[in-house]
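The values are calculated or read from the model by the stated rules, or taken from the named source; none is laboratory data. What you are looking at is a predicted structure, and each value in this text was computed from that prediction instead of being measured. Positions of Cβ are generated from backbone atoms using ideal geometry, with glycine treated the same way; all protein chains shown enter the neighbour counts. The area values use the complete protein model at the heavy-atom level, side chains included, leaving out ligands, DNA and RNA. Shrake-Rupley method; radii C 1.70, N 1.55, O 1.52, S 1.80 Å.
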Amino acid sequence: MPQERPRYQERPSRLPGAVVWTWDAPEGAPPAPRSVLPDGCMDLIWTGGRIVVAGPDTHAFQVEPQNRASCAAIRLAPGTAPVLLGVPAHELRDHRADLADLWPSATVRRLTDRIDEASDPAAALEYFALDRIADTGPPDPRTVAVAEGLRRGRTVAATAAEAGLGARQLHRRSLAAFGYGPKTLARILRLQRALELIRTGLPYAEAACAAGCTDQAHLAREMRDLAGTTLGAYFGAAAANSETPHPSGSRTTA
């Protein structure tokens, strides 16, 4: 009997920091609801005649089974999507928006038709993102430095100093680039670091400290605040349904 293709697959993109992913809707009974955790990223998602932008989340986003159609997408690193789209990230915070609502409808229709007709929609979407960034240029190096500093666990103050930005400048730039202020981005990236470490087998308490939390209780509070669940429930659900290797999950459309 041929091996069933995994429903969710991902690979590194040729666009720096991005990930290309696909979701194949299963036949028969729909999958269980899935929570997508905030990760600081934004996604461009194609699904049969439609392209959706998944904005930066501040809390877990619930994907209902009826909305989980087959799709192809590219997950863009923090700060990349606003440059590519020409739209400040905070305008898309906690939203899923049709690209046709952000760009001229004729432009989006041509792009959507091209991806609809492609033998590999994920690759076609990636080519579009690469061409677009070639035209717009990459994110501001200081924006990249801010995201990297916070990802490494640097404090907001130290990150601002390293980037040569004052507190107000950093906050303003962060809203436009990431969708929220640097403190929120730092919390989200710290939670993602902890989840990655736990996935390698590290105990909760050790992962919490290694990620920058004061202790396991601190990590548990962050998990409740940002993900709306507990560590045990989250990893229990992941063990029962192993379709999503990335901690933030596939941002299928709503």
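Side notes on the structure shown:
- Restricting region 191-224 to residues that are in contact (Cβ under 8 Å) with a residue 40 or more places away in the chain and of a type in the set (K, R), the residue that is farthest from V83 (Cα to Cα): R199
- Pairs, first closer than 11 Å to L165 by Cα and touching a residue at least 24 places away in the same chain (Cβ under 8 Å) in region 137-148, second β-branched (V, I, T) and open to solvent by less than 80 Å² (accessible area, probe 1.4 Å), C-beta under 6 Å, six or more apart: V146/T159
- Within region 72-111, the set of residues being open to solvent by less than 10 Å² (accessible area, probe 1.4 Å) and assigned to a strand (DSSP E or B) comprises A72, A73, I74, R75, L76.
- Every pair of residues 6+ apart whose Cβ atoms lie under 8 Å, when the first sits in region 157-169 and is on the phi > 0 side of the Ramachandran plot while the second is at pLDDT below 95 and in a helix (DSSP H, G or I): G164/R142
- Taking (1) under 17 Å from A18 (Cα atoms); (2) of a type outside the set (A, V, I, L, M); (3) in contact (Cβ under 8 Å) with a residue 60 or more places away in the chain; (4) open to solvent by 50 Å² or more (accessible area, probe 1.4 Å) in turn, Y127 satisfies each apart from (3).
- Of all residues assigned to region 234-242, none qualifies as being of a type in the set (S, T, Y), farther than 15 Å from D57 by Cβ and modelled with pLDDT of 95 or more.
- Conditions (1) in a helix (DSSP H, G or I); (2) within 14 Å of the chain's Cα centre (by Cα); (3) more than 20 Å from V19 (Cα to Cα); number of the one not met by H59: (1)
Residues are listed down the side, and each one gets a yes or a no for (1) open to solvent by less than 70 Å² (accessible area, probe 1.4 Å); (2) in a loop (DSSP other than H, G, I, E, B); (3) modelled with pLDDT under 95:
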| site | (1), (2), (3) |
| --- | --- |
| Q192 | yes, no, no |
| E196 | no, no, no |
| L202 | yes, yes, no |
| A205 | yes, no, no |
| C209 | no, no, no |
| L219 | yes, no, no |
| E222 | yes, no, no |
